[in-house]
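Bear in mind that the values in this text are calculations on the coordinates, not laboratory data. Keep in mind that this is a model prediction, so the values were computed, not measured. All Cβ positions, glycine included, derive from the backbone under ideal geometry; neighbour counts span all protein chains shown.
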Amino acid sequence: VSVAPTPPRIARAILRHALPEDACDSVDGDLHELYIAHRMARGATAAAIWYWLETLSFAVRFTIDRIIRLMLRLLGRDATPSMLDVKLGARMLAKSPGLALIGGLGMAVAVALGAGGYAVVNSYFYPELPLPEGDRVVAIGKFDTQRRTEDDRLLHDFLVWRRELRSVVDLGAFRTVKRNLVSAPGVAEAITIAEMTASGFRVARVPSLRGRALIDEDEAPGAPAVVVIGYNAWQSRFAADAAVIGRQIRIGRVIHTIVGIMPEGFGFPVNHQYWIPLRIDPRAPIAPGTGPDLDVFGRLAPGATKQSAQAELTVTAYRHAAELSPEVARLQSRIVPYTDIFLHGEVQGEAETFSVLRFMIALLLVIVATNVAVLVYARTVTRGDEIAVRTALGATRGRIVGQLFAEALVLSTLSALVGLGIVAVGLRMFDRALSDYFEGHPPFWIHSGLSLGTIAYALGLAVLAAVIVGVLPALRATGVQLRAAIGSLGSGAKARLGTTWTALIIVQIAITVAILPPAMIKAARTLRTALTESGFASGQYVVTRFEIERDAESTTAHADSVGADSARVVVNALLARLATEPGVVGATMTADEPWESRRALIEAEGAHESSQPVRVSTVDANYFPLFGVRVLAGRSFWEAAIPLGSVFATVPSGTRRSHGTPSLVWSRTFPPAPGRLVRRARE
Amino acid sequence: MTHQGLGEFEQIVLLAIAHVRDEAYGIPIVDEIEQRTGRRVARAAVYVTLRRLEDKGFISSWIGEPTPERGGKGRRYVKLEPAGVKALREARRVAERMWQGLEPASLRAR
């Protein structure tokens, strides 16, 4: 028994979906007939390919045809607004200044929010990397999907990926370090440096302005210390001296030779102006999940896609899973667009959150425009006689709709211009905040200024608003109601809003009522937080950051341990020196700002309760006395018992609070077994 | 009726219908065009044009009997309507007038 061959099912379904009803069966039949003939002549595969191509061709051409027909039907040939319509629209606005002011301001704010949101979200959350073929630059990270965290201790993985991955080329890594640039004895300036593999410059594909970029040989242990500087650093710190190449400068404790200057605007990997080679000691064994925090990047190989690279990465991870501890093996290796690694959108769901936010902002415009449409419709209804007379004189529906659309477009375009003005001011403030956040150097791919895209988006919103405000009321007013209006011309009959618009008003009031209370509560909370006092005399405290430079160049855990030992010595000396300074009552040291302390899960030994989320800070024994905090139970820390790296935990605030003391409540100290506690805190 | 001129491709499709005559439906019309013009045409473009010509009243169509080799679908046959014939003649007349009196020298590219 032979079954009659049939065309590819999916293609056929697409074809039938794309075709208009009256042409569907005949085209389907013709292509079926031809498919059978093709199949007999050239075989099944060739026939299937031919059928798919024809399907796509039909789908595209008939879709375009449908759009053209729809536009012609909706608008008609005489519906295109003319300059006269625009003038009339401006006059109508002048005749209804209240409506123009209220409606215009409402739409301006809505457009400002929409376009501002678009600009911020696009520049910050969906940026384009301004590098040649920037969309092919990727980052590779390891993510804990259960805890929604990212693990940056990637040194072992980086070496494996660099050796084995073929879909990603020029694999590189970097970390940001702070060092003092010593320009003269006793004169030091803290600078931010990218400690990066030379491949970073190959990935960026940006040649140096003068001299050379880093090369692989610079990474070899024992190679001369070199540094590449950025254009801004060259201009500001070296007075644009053309002879700066070859000059020696001291960074931290090491003398470096300047070998190159990068061009203006170059800040890869983030916002850097100084680059030194990342040196990895090939002799030192690196255990998985250890070593310094690194960011890993690369460029998709020619022909590779993000999906194929991800597939190869996953296979690589499976191959090495047996070598890993269960804790490390649980982490997922992922390839993400380069800029995502800095947003942590993959793990924190920020990208999704902002997609929803963008939708909500667009919805806001629709709500505002609908409100204005109700107002405009109320006015349009009062112009029923005018519309009826014009219709009786021969004006088509398209003509009248076109004129009312033009009126609305005048209003919405003016609103969009005002809105864009608000956006421009807002973006300047956002830029300043961003600049502060990134200590004056935001990532080089963030440009949140008023772009052409944002202007086009705002104008698009203006057209959308004009459609809602102008076309919807116009279609309603020139529909069934029109015949009644013509019939009652001169009768003095009162115009009514009708059920549709009454329902719209009710819906918009309901939405407003639903949105208002949560918005007010949120605003009140924000205000309260902003106005809340810190709980201590913050004006009497000053704070500074410092970082201890590692002695060893290598990136091994041993080097970090040596660094920690040397840090202890330096910190103790620093605290002792500070204590002798006039005007200094006391000093304390923390590993991180207490208000930005790490989040962790913790559980007490032997306790049956489930693990609890806490904030963890590493502090020294002077911390509590300096802030005048009384320990509620037990004792504070002993100076001698605090090795660097100890972990202490706060219970969630409000769990136990004593009156008259600052709201910082500390739990008991843990018995001395810091290494174990550190591990448990991470778990 | 508003003035509706014929585009070049519309003329070609109408003339193909006239050539095919009684058996005029999508497949032979496309074959006819390709054979006479000596160039390949997008099949979808012909079908879109047929639909537009029918909207303009230049052709009319009817569905034939369904057949198994067409997956149970009938053919949509088309035939020229008087308006279509008139439009074709008008297009030819205009073209002939434009050609009239033209000497080969006038067509030399300058």
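As a calculated quantity, the FRET efficiency between A:VAL425 and A:VAL631 at R0 = 41 Å, using C-beta atoms, amounts to about 0.25. If you look at the Cα atoms of region A:176-245, you get an Rg and a Dmax of 13.2, 38 Å.
Relative to the current alpha-carbon distance between B:GLU8 and B:ASP31, full extension at 0.36 nm per residue lengthens the span by 6.5 nm.
Taking a ≥ b ≥ c as the square roots of the eigenvalues of the alpha-carbon gyration tensor, region A:375-459 is classed prolate because a/c is 1.5 or more and a/b outweighs b/c. Three principal axis extents of region A:182-221 based on alpha-carbon atoms, in descending order, are 37, 27, 17 Å.
Grab the Cα-Cα distance for A:LEU475 and A:ILE102, subtract it from 0.36 nm times how many residues apart they are, and report the gain in nm with one decimal. Could the numbers behind the result be given before it?
Values: separation 373, 0.36 × 373 = 134.28 nm, distance 2.31 nm.
Result for the pair: 132.0 nm of gain on full extension.
For region A:271-309, the set of trypsin sites (Lys or Arg not before Pro) satisfying both a DSSP loop assignment and a count of at most 16 other C-beta atoms within 10 Å is given as A:ARG283. Between B:ARG21 and A:LEU393, the simple spin-label model (points 7 angstrom out along Cα→Cβ) gives 5.7 nm.
Show me the ranking of peptides A:573-579, A:252-258, A:32-38 by mean Cβ neighbours inside 10 Å, starting with the highest.
On the way: A:573-579: 12.3, A:252-258: 16.3, A:32-38: 19.6.
Result, highest mean Cβ count within 10 Å first: A:32-38, A:252-258, A:573-579.
Exposure proxy shown here: for A:VAL629, A:VAL315, the number of other Cβ atoms within 10 Å sets the order, fewest to most, as A:VAL315, A:VAL629. Here the Debye sum runs over all C-alpha atoms of region A:222-286 as equal scatterers in vacuum, and log10 of I(q)/I(0) at q = 0.19 Å⁻¹ comes out as -0.75.
Which loop GluC sites (Glu not before Pro) in region A:379-474, with loop taken from DSSP, have no more than 10 other Cβ atoms within 10 angstrom of their Cβ?
Working: sites: A:GLU386, A:GLU407, A:GLU439; in loops: A:GLU439.
Here the sparse-neighbourhood loop sites are A:GLU439.
Viscosity 1.567 mPa s, temperature 4 °C: give me the Stokes-Einstein translational D for region A:276-330 in µm²/s, with Rh taken as the Kirkwood radius over C-alpha pairs. It would help to have the intermediate numbers written out before the result.
Details: Rh = 13.9 Å.
The diffusion coefficient I find is 93 µm²/s.
Our analysis of region A:160-314 gives Rg over Rh at 1.00, with the two radii drawn from alpha carbon positions and Rh computed by the Kirkwood formula. Please report the base-10 log of the normalised intensity I(q)/I(0) for region B:6-110, using a Debye sum with one equal scatterer per alpha carbon and no solvent, at each q in 0.11 (1/Å). Cα-only, vacuum Debye calculation for region B:6-110: -0.41.
Modelled spin labels at A:ALA523 and A:THR6, positioned 7 Å past Cα toward Cβ, are 6.1 nm from each other. Extension gain for A:VAL585 to A:ILE215 (0.36 nm times residue separation, less C-alpha to C-alpha distance): 128.2 nm.
Among A:ASP293, A:ASP157, a tally of other beta-carbon atoms within 10 Å of each Cβ gives an order, fewest to most, of A:ASP293, A:ASP157. Going 7 Å from the Cα of A:GLU264 along its beta-carbon direction, which residues of region A:212-236 have the amide nitrogen within less than 17 Å of the resulting point? Only A:230-236 pass the distance filter.
To the nearest 0.05, how large is the calculated FRET efficiency for A:ALA329 and A:LEU84 if R₀ is 41 Å and r is the Cβ-Cβ distance?
On the way: r = 73 Å, r/R0 = 1.78.
The value I calculate is 0.05.
Taking GluC sites (Glu not before Pro) across region A:124-195, the ones in a DSSP loop with at most 13 further Cβ atoms lying within 10 angstrom of their Cβ are A:GLU128, A:GLU133.
The label point for A:LEU159 and the one for A:ASP241, both projected 7 Å from the Cα toward the Cβ, are 4.0 nm apart.
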